[in-house]
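Here's the structure, in structure tokens; my notes come after.
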Amino acid sequence: HLTILVFVIITVQQLRDEAAQFLLEEAFLDLELHFQDLVTSKWLASSIPVDTICVTLEDYFHDYVHLRLRNFDYVISEAQNLVGKKYVSAMLRKRISFKTYEERKEAALKILKESAQIKAFFTRIAPKVAKFDSPFEIINALAEVLKCEDAEMLSLDLHNLIDKYPDVTQDHLTQLIALRGDLSKSEVRDMVTYVVQSEQTKNRPPAPKSIFSQL
């Protein structure tokens, strides 16, 4: 009987997961072009992408209010995770170039502002979900790396990033540093290689997977 019960529970969870994916699929298809606009030259002077993402998701979420609270929270959690993944992906695609530190700083501050805006949106929609597991802390950490002006501090920021998110890969770090635009390819490679190798010597307890594992 226990085996049957476990099977039923797993089946119900799978159905819930599939239903959540189905509900969110249409919403995120509608928003794909706006996600594509994130962290681009056009985005730098416009709040339209993130504003539209929040407004559109809220419209869809209103249609989900008939769900049981636990299922509603699960759908919102999945949506929050997807938004976080898509924002981080946009940062790592390097579809914008910075000629000066001021330009880079402006972009980093905009990213921090938008991260706070999206987090506040999800907090309003589902407070428990947003506070329990927010992917926007990762966006903030990446923005701080982007904003960093000093090369020595940059290395420290990378160490801190790996300490907090051990599943961040060498490719992720390389793409992030390349986005800065102030280091040559060889300098980026050398810095990332050094940081990753020095971090590998540390004995750290297992950490929960972050959205880096899903990128």
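Each value in this text was obtained by applying a stated rule to the coordinates, not by laboratory testing. Here the structure is a predicted model, which is why all the values come from computation and not from measurement. Cβ placement follows ideal geometry from the backbone for every residue including glycine, while neighbour counts extend to all protein chains displayed.
Quick notes on this one:
- Span from the the stretch 80-101 Cα centroid across to the the stretch 36-78 one, whole angstrom: 17 Å
- Entry note, the chain: the mean residue ellipticity at 222 nm calculated from DSSP H runs of n ≥ 4, each adding -39500 (n - 2.57), is -25000 deg cm²/dmol after division by the residues and rounding to the nearest 500.
- Cα point-scatterer Debye curve for the stretch 2-214, base-10 log of I(q)/I(0) at q = 0.08, 0.14, 0.16, 0.17 Å⁻¹: -0.33, -0.90, -1.10, -1.19
- Taking 7 Å steps out from each Cα toward its Cβ at S213 and Q36 produces label points 3.1 nm apart.
- For the pair the stretch 183-215 / the stretch 147-178, the C-alpha centres are spaced 7 Å from each other.
- Here the Gaussian network model covers the chain, with springs between Cα atoms less than 10 Å apart; of T193, T201, T56, T201 fluctuates the most.
- Radius of gyration (Cα atoms) of the stretch 67-123, expressed as a multiple of 2.2 N^0.38 Å: 1.47.
- For the residue pairs K42/K185; K110/K147; K85/K105; K94/K147, the alpha carbons lie more than 18 Å apart in K42/K185; K85/K105.
- Arranged from fewest to most other beta-carbon atoms within 10 Å of their beta carbon, K86, K185 become K185, K86.
- Distance between the 7 Å Cα→Cβ label points at K185 and S46: 3.1 nm.
- As a proxy for reagent exposure, ranking Y87, Y165 by other Cβ atoms within 10 Å from fewest up yields Y165, Y87.
- Cα→Cβ-extended label distance, 7 Å offset, between T201 and A151, nm: 2.1 nm
- When the convex hull of its Cα atoms is projected in every direction, mean area for the stretch 42-140 (nm²): 6.2 nm²
- Between Y194 and E106, the contour length at 0.36 nm per residue exceeds the Cα-Cα span by 28.8 nm.
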